[in-house]
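The values are calculated or read from the model by the stated rules, or taken from the named source; none is laboratory data. All of these numbers come straight from a predicted model, not from anything done at the bench. Using ideal geometry, Cβ is built from the backbone for each residue, glycine included, and neighbour counts are taken over all protein chains shown.
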Amino acid sequence: MTTMKITCNGETKEINQGITLISFIKDLDLNPDNVVAECDGTIIKRDKYDTLVLTEGNVLELIRFVGGG
Amino acid sequence: MIKVNEQTVPYQEGTRIKDLVETHKAGADIFIINGFPASPDTLLADGDTCCLIRRGEVPTAGEMESLLVARHTPGLHEVVKKAVVGIMGLGGLGTVVAGALARIGIGKLILADFDVVEPSNLNRQQYTISQLGMKKTNALKENLLQMNPYVAIETFDELLSEESIPEVFDTVDVLAECFDDPAMKAAALSSVLTNMPGIGYVGASGVAGYGDNNSIKTQKIRKNIYIIGDNVSAAEPGQGLMAPRVGIAAHHQANQILRILLEED
C-alpha cells in the first residue's frame, strides 16, 4: 500500500493513502468524540470525521480531552 | 481630593481617617485606606481612597464596589465590572470559577447546567447539604449572591449542545468550559472556534486524582484560547475527582479569565 506524509501536532507521520480522519484518530488510541480536529487551518465538524480522507501534506492539529470537572 | 466611600471630597491637610466618621459613616469602626486596613488615627494624604465600614453591616452596592476597587489593583475594577463571563457546567470546576469571579466583582455571569445537586457532588462542588435536590443553577446563584450581592446573574438550566452554545452565550467576553463529559468539552471548543471568533475561552482537561500540583498547566492553544490541566488525568474508576486538584485547575481558569479580560494574553 502506498504511503504519504502528513503533519500531526507538529510531527511528521507516514500513513497509508486513503485513510479517513476517524481511522487516523482511532489508530492513535483516541476516542473521536473527545477530540477537536483542525485540518489545514479549518475546524472539522465531528460528523465529517468519518468521510474526510486525509491527503499528502495535510497539517492536522488534534486536541484531545479527558473527562472530569 | 480624596475618595470616601465612593464620594470625591476635597483634601484637607491634617485630616485623620477617624475625622470622616461623623460626616460620611456614623458608627464606622473599620477603616481601609488604598486597599489596606488602617488605624483610626492614620493621617490622610491627597489622592487617598478611603472606605469606612460599620462592622457587621451589609454594604450598599456603592460601598461594596469601593471596597472591591480598594482591594484590587488600580484600574482593574473598571474592566472587571463591565465583563460578562459564561460558565458551562456547574460542578467542581464551574462552582469554583464562578465563586472566584463573583468575589472580584465581575459584572455578569451566565451560569449553565441541566442537573440538580446530589450528595456525590459535595466532595468537590461548592454546594451545601441544604441544597440537595435543587437545580444547580439556582443553588449556585444563591451562593454567589451571598458572596457578592451585586453580580448580575443569568441562568440556563437545559442541556447545552454544540449548536446552542453560540446562542446561549452570545453576549460573553469569555467562556469557561467546566464540563465533566469529555465529548462536551470537545464539542464546546469546536463550536467556539467555528462560531464565536474573538471571544476568550478557558477550558479544562486532566484534573482528576491527586497528582503533582505543578503538573496542572495553563496551555495556550491560540490567541485568547486556553486549556487548563495535565491533559491525561481522566476521571475514571480508581481515579476520582477531588476538591483540592479540581480546585487548583478551577483557579487557573479563573485567573486566566481575568488575564484575558485585562488583555494580558
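Which one is farthest from B:G206 (Cα to Cα), of the residues in the range A:1-37 that are surrounded by fewer than 11 Cβ atoms within 10 Å (Cβ to Cβ) and within 14 Å of chain B (Cβ to nearest Cβ)?
Keep residues of the range A:1-37 that are surrounded by fewer than 11 Cβ atoms within 10 Å (Cβ to Cβ), which gives A:1-2, A:10-12, A:14, A:29.
Filter once more, so that each one left must be within 14 Å of chain B (Cβ to nearest Cβ): A:10, A:29.
Details: A:G10: 22, A:D29: 17 Å.
Across the range A:1-37, the extreme among qualifying residues is A:G10.
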- The strands (runs of 3 or more DSSP E) lying wholly within the range B:25-92 that contain at least 2 residues that are modelled with pLDDT of 90 or more, touching a Ser or Thr at 6+ places or on another chain (Cβ under 6 Å) and within 30 Å of B:L132 (Cα to Cα) are none
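Are any residues in the range B:93-111 of a type in the set (K, R) and either in a strand (DSSP E or B) or over 24 Å from B:T128 (Cβ atoms) (or both), and if so, which ones? Talk me through it step by step, then tell me what you get.
The first filter runs over the range B:93-111 and keeps only residues of a type in the set (K, R), leaving B:103, B:108.
Correct list: B:K108 only.
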- Are any residues in the range B:166-187 part of a helix (DSSP H, G or I), free of Cβ contacts under 8 Å to residues at least 24 places away in the same chain and within 14 Å of another protein chain (Cβ to nearest Cβ), and if so, which ones? B:A183, B:K185, B:A186
- Message: If a residue must be part of a loop (DSSP other than H, G, I, E, B) and more than 9 Å from chain A (Cβ to nearest Cβ), how many such residues does the range B:241-261 contain?
- Response: 1
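Name the residue that is nearest to A:A37 (Cα to Cα), counting only residues in the range B:188-208 that are within 7 Å of another protein chain (Cβ to nearest Cβ) and over 23 Å from the mean Cα position of the chain (by Cα).
Pass one, the range B:188-208, residues within 7 Å of another protein chain (Cβ to nearest Cβ): B:189-190, B:193-194, B:204-208.
Narrowing further to those that are over 23 Å from the mean Cα position of the chain (by Cα): B:190, B:193-194.
Working: B:S190: 8, B:L193: 11, B:T194: 11 Å.
Of everything passing the filter in the range B:188-208, B:S190 is nearest to A:A37 (Cα to Cα).
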- All positions within the range B:225-241 that are among the aliphatic types (A, V, I, L, M) and under 15 Å from B:S120 (Cβ atoms): B:A235, B:L241
- Item | Members of the range A:38-63 that are at the interface with chain B (Cβ under 9 Å from one of its Cβ atoms) and in contact with a helix residue (DSSP H, G or I) (Cβ under 6 Å, 6 or more places away or on another chain) | A:I43
- Message: Against the conditions (1) modelled with pLDDT under 95; (2) within 12 Å of chain A (Cβ to nearest Cβ); (3) over 30 Å from A:I44 (Cβ atoms), where does B:E236 fall short? Just the number, please.
- Response: (3)
- Positions within the range B:217-233 being surrounded by 23 or more Cβ atoms within 10 Å (Cβ to Cβ) and more than 9 Å from chain A (Cβ to nearest Cβ), in sequence order: B:Y226, B:I228
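On the basis of being surrounded by 19 or more Cβ atoms within 10 Å (Cβ to Cβ), without any contact (Cβ under 8 Å) to a residue 60 or more places away in the chain and not in a helix (DSSP H, G or I), does B:G203 make the cut?
In short, yes.
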